1. Using modelled backbone amide H atoms (1.01 Å from N, in-plane), which distant-in-sequence or interchain residues come within less than 5 Å of E102's amide H?
2. Give me the orientation-averaged projected area of the Cα convex hull of the stretch 17-105, in nm², one decimal.
Amino acid sequence: MPWEPLPGAREAGPSRVADSLDRLVRHLGGPSADVTTSLVRRWPELVGPNVGANSRPVRLRDGTLTVAVADPAWATQLRFLEATLLERLQAELGADAVSAIEVRVRAGALRDRAGNARDRT
């Protein structure tokens, strides 16, 4: 299959790598870089400190946000709060950013970037 530029790609001149990556990710069904950055950096602010301390976003694809929790009780709580969380996320990130939430229980889901278990209290 011959190479074809992504839809909306410019024909002439160099472009920023960030712009090219953003177009590629969006073409593959992912969100914009701005949405992803806001979602990860502002998670506790977007969903509230208690939910934010006990969950973390792990994937956003085609409008479906996958959230990881370490405890089944928190999975139940997030499913109960789904409509409220969707409303908040859409208000902050845009109406098309998140349309559904999937919650997954994963052991060690609340580890920090260094791999250390986070305190959930």
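1. Those qualifying (amide H under 5 Å, at least 5 residues apart or on another chain) are L65, T66, V67.
2. Numbers: hull surface 21.5 nm².
Here the figure is 5.4 nm², rounded to one decimal.
The numbers here are math on the coordinates, done by the rules we state, and not lab data. Note that the coordinates shown come from a computational prediction; the quantities given were computed from them, not determined experimentally.
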